[in-house]
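A short worksheet on the structure shown next.
The values are calculated or read from the model by the stated rules, or taken from the named source; none is laboratory data. This is a predicted model, so every value here is computed, not measured. Cβ sites come from the backbone with ideal geometry, for glycine too, and all protein chains shown count toward neighbours.
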Amino acid sequence: MRHAILGPGGVGGLIGALLADAGEDVTLIVRPGTESLYPHEISLESPFKTLHAPVSVSAALKSSLDVLWVTVKATELELALESIPTDFRINAIVPLLNGIDHVERCASDSVVTASYRRPSRWRANASRRGRIVHRSRFIRFSILETGRRLLASPLETFQRFGFECLSVADEPTLMWSKLVFLAPLALSTSAEKSPIGDVLSHPIKAARLEASVHEACAVATQAGARVSADSVLAKIKTLPVAMRSSMERDIANGKLPELEAIAGPILRGAEGFGIKLKAIPELVRDIQSIVSGQQVGKVVLHNE
């Protein structure tokens, strides 16, 4: 099969490395002008396997594909999609971003709805392009049952490596199950500028985190998802105390956070369903104040 990875960072790099190691034809789609910075070999260091596999590197898609894996940051999606020509045949487009709205924004009949939950002790070494470091023995890849046949071969590769691959019957449950976990975690740690252990150990901060989980699950349930606030909270409480969310790290590193993608669906959903929120809007306002003070860019939440 022919694959292209649009956004070969931590997630895309891992997927590309596994597929290339399995003998698939893999092209990394990178920003124009950066092609020479990427080696034509991708390496992976993992508890499961250490590997080196050949890949192609290009600033643009040059031919038809079996699968296009879209693994950019949500803040970069629109620009990234502009690099994909409309005259090439792509059998399956698999966007693996935070949030929910990206599935619709990809706007193609070829979109396969899937979700990727990476471990709390994940690290992708960005100092050397083409080198991926994966520290955990847990990765979950969930896919809508209707799309499983199209990705049968990649799923076999993922399972051999050690992924937990799940089929989910309905799209709301697939997409919201990740968001109701990710959003309270990301928003709380970012607003408090603290790892999750500090949030959970402080009664007021922990109460706001718990309230945000219940609010997110209330919106998700109205959207048709089968989620449980108690289950989400139980999972959050098992996280390593030193864990930091990717949003909190982005803000600390002066990058624009994925606030629109992560909080936006909950805020807009609550408005549409007539659900009154308190904790999540408070967390969003706190983060916007931090971002504005650091001058890392303007965050706009549509229909807030």
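Restricted to the range 212-223, and to residues there that are assigned to a helix (DSSP H, G or I) and out of contact with any Leu (no Cβ under 9 Å at 6 or more places or on another chain), the residue that is farthest from THR189 (Cα to Cα) is GLN222.
A search for C-beta distances below 9 Å between a residue of the range 133-155 that is closer than 21 Å to MET1 by Cα and any residue that is among the basic types (Lys, Arg), counting only pairs 6+ apart in sequence or on different chains, returns PHE141/ARG117; SER142/ARG117; SER142/LYS178; LEU155/ARG148. Within the range 16-30, residues that are surrounded by 19 or more Cβ atoms within 10 Å (Cβ to Cβ) have Cβ atoms under 9 Å from residues that are assigned to a helix (DSSP H, G or I) and of a type in the set (Lys, Arg) in these pairs: LEU18/ARG160, counting only partners at least 6 apart in sequence or on another chain. The residues listed here are ARG160, ARG226, ARG149, ARG208; of these, the one that is in a loop (DSSP other than H, G, I, E, B) and either at pLDDT 95 or above or over 17 Å from SER115 (Cα atoms) (or both) is ARG226.
Taking the criterion of being surrounded by 18 or more Cβ atoms within 10 Å (Cβ to Cβ) and within 22 Å of the chain's Cα centre (by Cα), the residues of the range 44-64 that qualify are LEU44, SER46. Scanning the range 116-126 for residues that are surrounded by fewer than 17 Cβ atoms within 10 Å (Cβ to Cβ), within 17 Å of LEU233 (Cα to Cα) and without any contact (Cβ under 8 Å) to a residue 40 or more places away in the chain turns up at least one hit.
Find the strands (runs of 3 or more DSSP E) located wholly in the range 1-114 whose residues include 2 or more that are more than 26 Å from LYS178 (Cβ to Cβ), and list them.
Numbers: elements: 2-6, 25-29, 41-45, 51-54, 56-58, 65-70, 90-95.
Fully inside the range 1-114 and qualifying: 25-29, 41-45, 51-54, 56-58.
You will find that of ALA169, ALA252, the residue that is within 18 Å of THR75 (Cβ to Cβ) and at pLDDT below 95 is ALA252 and no other.
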